[in-house]
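Q: Let me give you the structure first, and then I'll get to my questions.
The values are calculated or read from the model by the stated rules, or taken from the named source; none is laboratory data. What you see is a predicted model, and the numbers here were worked out from it, not measured in a lab. Counting neighbours? That spans all protein chains shown, and the Cβs are built from the backbone with ideal geometry, glycine included. Protein only, heavy atoms only, side chains kept; ligands, DNA and RNA dropped before computing areas. Shrake-Rupley method; radii C 1.70, N 1.55, O 1.52, S 1.80 Å.
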Amino acid sequence: MRVAIAEDSGLFRSSLALLLNSLGAEVTVAVPSGTELIAAIAASPPDVVILDIRMPPSFTDEGIRTAHALRGLHPDVGILVLSTYAESKYASLLLEVVNAGVGYLLKDNVTDAGALMESLSRVAAGGTVVDPAIVTRLLERRQQPTMMGILNDRELEVLRHMAEGRSNLGIARELFLSARTVETHVSSVFTKLGLTQSDTENNRVRAVLAFLRSGGPER
Amino acid sequence: MHGTILSLPAGKGLRGRAERWRTRALLSKGLWSWAWRHGHQRLLGHEHSSWLATTIALTVVACFCAIVEGPLWRQSTALAAVNLAFALVLVLTGLMLRREPGQSVPAMALMLTGIFRCVDFIDAWNGPWPAYAIVFGGVDRVFGAWALLRYPNPALSAVQRRFLVALAAWMIAGRTLIVVTSTAPWMGGSPSWWWPTLDGDESLSDVLSYVVHGGEGIFGVTLIVLLAMRLVRARGVDRIVITPIIVAGIAAVIAASATAAVMTLSSIATTPNYAFLAESVADFAIPVAFLIAVVQRLLLIRNVTELTARACADGDIGALRSALRDTLHDPTLELLDPSDASRVAMNARSAGRLVSYLQMGAEAPIAVVIADPVLARYRGLFDAAMRTSTLALQNAQLQAKAAREELELVKVSRTRIIEAELAERRRLERDLHDGVQQHLLSITARLSAAMTTTTDPQASAAFGDARDGLKAVLAELRNLAHGIHPAVLTHSGLAAALEEVAARLPLPVRISMPAGRLGAAVEATLYYVACEALANVVKHAAADGVLVTVRAARSWLEMEVADDGAGGVPAGVIGGRGLANIADRVGALDGEVTIDSPPGQGTRVMVRIPCG
């Protein structure tokens, strides 16, 4: 797998490249900013790019902006945005601008080799990954926002695994259910959230987005 | 002013007391002018020479009166001495009265009263003097009435002027008639006296005598009425000043009437000298009353000092107004802000009010005083009060301004401290986040890489342990950084930061606030207030839910943390040290914190911060 990295902290960038290399991935580009990354991969796009969310010049959400730009230039390249903030706000922002082949991971989990590789391959395959820590925090909340209130516990559990980027089969394995049962739950979630499009992959992202937004403050 | 007006005996009494009528204004005009000009101008102009001028004036008057009374000193030393003393006291009073602005006329009238009292007794000399003494014997009373009616007004009223003219005319004309219809022996005098008898007719003279003196009695009653009217009409300072004078005047008129009645009823021989003596002594009440009045005016000015103390102590315009009302004895006095133009105009328009602007030099006036026009007569007192008020008010305003500026400085510096603290917290948080955290993450990543590369299971396990340890350190570091300043507050704003806080609380928190970011200091302050309030809800309220509402208006921001708990939480419990800190932070932004916790109705913590 070919990976390009945009990360402003040199130390972490080199460590991440080291880790990826050790995991058998090929790091084609490792630069400190999004604009440099876009320039560097123009000739030969990688399978996945890893973007730090905070980069120069403003150190706020450059990662998300770069992701948006990249998706226009290279629709097939998977995007993994790294952050140290376990905020659902940035995850939902990301999923709003890039709706497939995208992931939002916390740096803490990136250093977990298995989780990193799994996320990279899911993103490369066009899946959507949201860091389990963010998903867990959303679910831990006692208050049940109105939209999430309409899902039952099992459906919520299925949605959570969807958010973490698992396929129906993966969810079935995880929850010790049959694939058919999971499918039923998934379509029930879509129906309850008013997602009637036939494109199920798109519906998955929308469902996750709805889930992430439910954690946001009332506006 | 012996016996004032009613003291004139009639009929036989009149003849028995012939020596009392004989007088003539012997006072040379030159002497008078000298005493007037030198004595009083010196008195007014030079404090050092005033005692000298006064002494000279009194000496001149004393010598003059002593000479005029002449033989009376042998006949009745006591009466002569009392007359002289009376004249001197009246002159002295007149000299003091002269110092008051606009009071030279009553002052002169008083002095003339004293001098003419002595001239009344010129009949002790023989020759033409007894006849003159009768004709001009009432002049001292006219002057006395003049002083009583005039002081301290700037002028006589038309009625008062007509009264005095009529009195003078009646006395001089009536007595002239008595003299020309009588002879010296009829009047108890010696035939050697020069007497201008035109048509000696004793019974006609007697009738005339009763008529003239009866008329003088009516004038006396009229004077009492006029004086009483003055007292009734007087207001404020006027009343204080004239009361002793009017009372003494009325008393003197009544006392004189009593003496006159005694004289009229008794025979020539039996009317005793001591009756006149007693009456003369009683007349001293008048100069004493004038002296009291003069002293009263001086004391009133002294009260202005007290006004300064009162006005300075309180400083506000209301306190100064009531102090001025007390000091100037004018309950209608108004002290207005000059910017309140309509009220100033309205108050000033009401007939003839005295308007005075309080101002320092050419500066804009700081207040307007609208007072009873009576006070215009007490210019010294009024001006002193105005000057004092101006100073007191200006002083108070300067003090208030200084206090305001100081407060403003304190506020600015408090805001600066809060902002500096906030910036420092954010810097520290960022240092931890971007520096230490990135370092630790790099090492974690390298440990993971090492784990995957090594083939030695023991080494892999060791790397794994080290990595897990580092992850724990990272978590702690993140908590520490969050405690210093939540990054989410910097990056995503108050709503997201509160959302994060709410997620960790064991009860549902609803957050309602407008979209968009607020100022960094405001967000941080509201964040800490909300954290404190939410912590209190968890600790004390036994609530099922909390609602955090932020409302923004054009000029203020409001946050309310309301729970549905038991309420009735004592302020002491809610307002611990945490809340004191919060009140400080909110105060630094010029805002305020209020806590409302009625039993059974939940607790509401409200913060209001001005903005824009």
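Q: With a 1.4 Å probe and all protein chains left in place, how much of the accessible area of segment B:164-232 comes from carbon and sulfur atoms, in whole percent?
A: On the way: 2430 of 3180 Å².
C and S fraction of accessible area: 77 percent.
Q: Further question on the same structure: Could you tell me which of rounded, prolate or oblate describes segment B:472-553, using a ≥ b ≥ c as the square roots of the eigenvalues of the alpha-carbon gyration tensor, with rounded for a/c under 1.5 and, failing that, prolate when a/b is larger than b/c and oblate otherwise?
A: The shape class here is oblate.
Q: By its C-alpha gyration tensor, with a ≥ b ≥ c as the square roots of the eigenvalues, how is chain A shaped: rounded for a/c under 1.5, else prolate for a/b larger than b/c, else oblate?
A: Here chain A falls in the prolate category.
Q: Which of the chymotrypsin sites (Phe, Trp or Tyr not before Pro) found in segment B:155-240 are loop residues per DSSP with 14 or fewer other Cβ atoms within 10 Å of their Cβ?
A: In loop regions of segment B:155-240 (DSSP not H, G, I, E or B), the sparsely surrounded chymotrypsin sites (Phe, Trp or Tyr not before Pro) are B:Trp194.
Q: Can you give me the solvent accessible area of B:Asp584 with a 1.4 Å probe, rounded to the nearest 10 Å²?
A: The accessible area comes out at roughly 90 Å².
Q: How large is the dipole of the protein assembly as shown about the Cα centre if only Lys and Arg carry +1 and Asp and Glu carry -1, each at its Cβ, rounded to the nearest 20 debye?
A: 3720
Q: Moving on. Apply the a/c threshold of 1.5 to the C-alpha gyration tensor of segment A:90-134 and tell me whether it is rounded, prolate or oblate. Walk me through the intermediate numbers first.
A: Values: a/c = 2.88, a/b = 1.30, b/c = 2.21.
Here segment A:90-134 falls in the oblate category.
Q: Once the other residues with Cβ under 11 Å from the Cβ of B:Ala543 are scored (Lys, Arg +1; Asp, Glu -1), what is the net sum?
A: Neighbour charge sum, excluding B:Ala543 itself: -2.
Q: Taking N as the number of residues in segment B:411-484, what value does Rg over Cα atoms divided by 2.2 N^0.38 Å take? Show your work: numbers first, answer last.
A: Working: Rg = 18.4 Å, N = 74, 2.2 N^0.38 = 11.3 Å.
Ratio of Cα Rg to 2.2 N^0.38 Å: 1.63.
Q: For the protein assembly as shown, what is the mean residue ellipticity at 222 nm derived from helices alone (per DSSP H run of n ≥ 4: -39500 (n - 2.57); sum divided by total residues; nearest 500 deg cm²/dmol)?
A: Value at 222 nm, helices only: -20000 deg cm²/dmol.
Q: Quantify, in whole percent, the carbon and sulfur part of the accessible surface of segment A:50-113 (1.4 Å probe; protein heavy atoms only).
A: Result for segment A:50-113: 57 percent of the exposed heavy-atom area is carbon or sulfur.
Q: Aspartates and glutamates within cross-link reach of A:Lys192: Cα-Cα under 18 Å, excluding same-chain residues under 8 positions apart?
A: A:Asp153, A:Glu155, A:Glu157, A:Glu183, A:Glu201
Q: Partner chain Cβ atoms within 10 Å, averaged over the residues of A:105-115 - can you pull that number for me?
A: Per residue, the average neighbour count from other chains is 5.
Q: Quick one: how many Å² of B:Asp456 are accessible to a 1.4 Å probe, rounded to 10?
A: Approximately 70 Å² for this residue.
Q: On to the next question. For B:His433, A:His74, what's the largest-to-smallest order of accessible area, 1.4 Å probe?
A: A:His74, B:His433
Q: Another question, if that's okay. With heavy atoms of protein chains only and a 1.4 Å probe, what residues of segment A:6-49 have at least 30 Å² less accessible area in the full set of chains than alone?
A: Buried on complex formation: A:Leu11, A:Phe12, A:Ser15, A:Leu18, A:Leu19, A:Ser22.
Q: Another one. Where the centroid of each part is defined by its Cα atoms, how far is segment A:20-96 from segment B:466-532 in Å?
A: 26
Q: Considering protein heavy atoms only and a 1.4 Å probe radius, which residues within segment B:427-445 exhibit an accessible-area decrease of no less than 50 Å² in the full assembly relative to the chain by itself?
A: For segment B:427-445, once contacts with the other chains are taken into account, B:His433, B:Gln438, B:Leu441, B:Ser442, B:Ala445 lose 50 Å² or more.
Q: Lys/Arg Cβ at +1, Asp/Glu Cβ at -1, dipole of segment B:453-531 taken about the Cα centre: which of B:Ala472, B:Pro486, B:Ala515 is farthest positive-ward?
A: So the residue furthest toward the plus end is B:Ala515.
Q: Within 10 Å, at most 14 other Cβ atoms, and a DSSP state outside H, G, I, E, B define an exposed site. Report the longest part of chain A free of exposed chymotrypsin sites (Phe, Trp or Tyr not before Pro). Mind showing how you got there, number by number?
A: Details: sites that count: A:Phe59, A:Phe176.
The longest uninterrupted stretch comes out as A:60-175.
Q: Also: Determine the relative contact order of chain A: mean sequence separation of Cα pairs under 8 Å and six or more apart, normalised by residue count, in whole percent.
A: Details: 356 pairs, mean separation 33.6, N = 219.
Relative contact order comes out at 15 percent.
Q: Sticking with this structure for a sec: Nearest 100 Å² is fine: what is the total accessible surface buried where chains A and B meet, probe 1.4 Å?
A: For chain A against chain B, roughly 3000 Å² becomes buried.
Q: Let me ask another. Bin width 20 Å, origin at 0, all Cα-Cα pairs of the protein assembly as shown: what percent of pairs per bin?
A: Over the protein assembly as shown, the share of Cα pairs per 20 Å bin runs 12, 25, 15, 10, 12, 12, 10, 3, 0 percent.
Q: Now, a different point. Per residue, how much accessible surface does segment B:469-612 expose to a 1.4 Å probe? Answer in Å², no decimals. Write down the numbers at each step before the final one.
A: Details: 6110 Å² over 144 residues.
That works out to 42 Å² for each residue.
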